[in-house]
């Protein structure tokens, strides 16, 4: 959202670094509002009161349907105190709106069935939508049995998405309504609570929840609970009980679950310090025939090879361990495109990224720097390349990650790529130039959890316009930038990883200056992708499409007159620009004209979807005052190969979920996959006045033939030069992603 309302946000969880004292709690911060369309549908609004801790299971459900309604409404009101769109209140409202549009209205239990099926397919937002319709039907009919199942299914969707707080809240609500078949609700809800604790590393609590779930589950569901319990027991170190629990689990009928159980057996043997026996189990799993159409055999073989590597490493055979792990990575890349809920059902919350991380650490330990970098590049490129691979104009060669030598050959002498990789226990970085690649050794280990806290604290201080921001930027610059030894003036292409996706590198300081003052800076989701995008569209024609300030009901979104003025101002440098404002800023006009334009600028509201970032959306109008949303998943089906630059001048358009392939899923993935060469997106809510200055400077430079990277540097420095907007809150929110060499023909 542009110019969002001000709320209070404390800065917590700082690193134990000297800059901790620079941040005061309670900084004022601008934030995005909930999805107004959802709240407006119910005629309700959310407040910002604190959320009480989830309650323990209630002893008995309400005695009547009316009591169920009253109790559920109280639960909804409690949940409504949360500040984002994924509350029970807004989900119930969304369910009502979706249900009203259903041509064929089903009973609530059918929507629950849909929710479970969609969750198993990885369609988590669609799963939540189906569950929200079940929730609506339950509330309207006063059916406590359906209410419990709807909350259960919402908990499943949020658990699969890694939204642990939401999963816990909905599972706790489900326990209030065990219904006519308590084992259908109590067992799954307690298992989800156990899963949440296991993923948080709180294994004794997880074990307690799994024990409760096991005693209150159906015979069909109990083996899944026991498998999760066995994994939690292994992690907690209670190997004797893990062994007895695992041995008592009957052999599943499902091939997928048999394979997952074999993984757990190997995992237990390793914990019992029997690597030779573990190796035999994993070798047997690796020999499973790969003959099913779904490709699950490839997936199991990948995990088997990963287990073999762990076993070989435990036996001291590091070279064999590295070879097995390299083979595992190849198998993971063959199996990477499919969501697998069995991982969640059986408490195995690892993902392929862990194998890539182990490979990076192992090759680094063996002194194989270029090999470690190649694996890092493969890990970050793989998910986005899956999407690009379906486009007709890219060859098979273009849909694989480039190696170090190919990347080096494509760099100019004044360019340097800095690729970070956050590992659980330390930070790794490589500096890549035309002359070679070198690994960077940081004086502080900087584990991933510490970096998460560091980035969160710095972003909060930026958004809160903390007056001590320069001192903090100096200290973070000494941590992350100084060890890189990059000379001033060198063009930087930064490839972030993990939490560093959310860090505005341009707002860090080095040698007493902000980085943007000493180096042109751009961001790339992976070097391979950036290199290919730069090669595809090095020169753009001055064809601008601008859309701003869509007219919608004010109860849905506040008007953005500043955004409209911004687009009109920057369009002055592009004669013949096609512009749409107000009632003309429709989704239909974007769909029709964006593929024909080379420069596209959208100044509007945007909303990030934390459950499924591919459902993040930009707000347009339908031309009649009603909202029309462009979702990220829909963008991926568009053909935007001719678009050289697309700017989303909107709230937090660059945010999303950092997925297994280490890219920010959401608008970034969507537009790059659709063919866009360069993106400009934001990391926090933006100021209208400062954004107008930044954008007009940026486009003015572009119109005179300046590269996109230099234009971004000039634009940010122009805002920085004004004392009233010198704080990086005003000039640093936007990142240039993709083709840093882009020029516009004069």
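Which value, to two decimals, describes the C-alpha radius of gyration of segment 448-534 once divided by 2.2 N^0.38 Å?
Compactness ratio reported: 1.10.
Contour minus end-to-end for residue 240 and residue 121, with contour as 0.36 nm per residue of separation and end-to-end as the Cα-Cα distance?
Contour length minus the Cα-Cα distance gives 39.3 nm.
Under the 0.36 nm per residue contour assumption, what length would be gained going from the current alpha-carbon distance of residue 596 and residue 366 to full extension?
77.7 nm
Residue 164 label point, 7 Å along Cα→Cβ, cut-off 16 Å on backbone N: hits in segment 190-211?
Within reach of a label on residue 164: 191-210.
Just rank 255, 378, fewest to most, by other beta-carbon atoms within 10 angstrom.
255, 378
Counting only C-alpha contacts under 8 Å and six or more residues apart, can you give the relative contact order of segment 530-744 as a whole percent?
Once normalised by length, the contact order is 22 percent.
What is the distance, in nm, between label points placed 7 Å from the Cα along the Cα-to-Cβ direction at residue 578 and at residue 276?
7.2 nm
Please give the peptides 183-195, 233-245 ranked by average Cβ packing (other Cβ atoms within 10 Å per residue), highest first, as a rough proxy for protection.
Peptide ranking by packing, descending: 183-195, 233-245.
Taking R0 as 35 Å, what's the FRET efficiency between residue 434 and residue 717 from their Cβ-Cβ distance, rounded to 0.05?
With a Förster radius of 35 Å, E is 0.85.
Which whole-number percent is the relative contact order of segment 172-221 (Cα, under 8 Å, 6+ apart)?
RCO, segment 172-221: 38 percent.
Please give, to one decimal in nm, the separation of the simple spin-label points placed at residue 334 and residue 180, each 7 Å out from Cα toward the Cβ.
Here the answer is 4.8 nm between the modelled labels.
Between rounded, prolate and oblate, where does segment 530-744 land on the alpha carbon gyration tensor, with a ≥ b ≥ c its root eigenvalues, rounded for a/c under 1.5, else prolate if a/b exceeds b/c?
Rounded, because the longest to shortest axis ratio a/c is under 1.5.
Round to the nearest 0.05 the FRET efficiency obtained for residue 320 and residue 511 when R0 = 56 Å and r is the Cβ-Cβ distance.
0.75
What is the order of 332, 158, fewest Cβ neighbours within 10 Å to most?
In order of increasing Cβ crowding within 10 Å: 332, 158.
Take the Cβ-Cβ distance between residue 284 and residue 624 as r, set R0 to 51 Å, and report the resulting FRET efficiency rounded to the nearest 0.05.
Efficiency computed from Cβ-Cβ geometry: 0.20.
List the residues of segment 164-191 whose backbone N lies under 18 Å from a point placed 7 Å from the Cα of residue 205 along the Cα-to-Cβ direction.
Residues passing the 18 Å test: 164-175, 189-191.
Quick check on the exposure proxy: order 601, 497 from fewest to most C-beta atoms within 10 angstrom.
Ordered from fewest to most neighbouring Cβ atoms within 10 Å, 601, 497 come out as 497, 601.
At what distance in nm do the modelled label points of residue 555 and residue 109 sit from each other, each positioned 7 Å from its Cα along Cα→Cβ?
3.6 nm
At 0.36 nm per residue, minus the direct Cα-Cα distance, what do residue 485 and residue 102 gain on full extension? Give it in nm, one decimal, please.
131.9 nm
Once the mean 1/r over all distinct Cα pairs of segment 517-631 is inverted, what Kirkwood radius in angstroms do you read off?
Evaluated on segment 517-631, it is 15.8 Å.
Values quoted throughout were computed directly from the atomic coordinates according to the rules given, and no laboratory measurement underlies them. What you are looking at is a predicted structure, and each value in this text was computed from that prediction instead of being measured. Cβ atoms come from the backbone with ideal geometry, glycine included; neighbour counts cover every protein chain shown.
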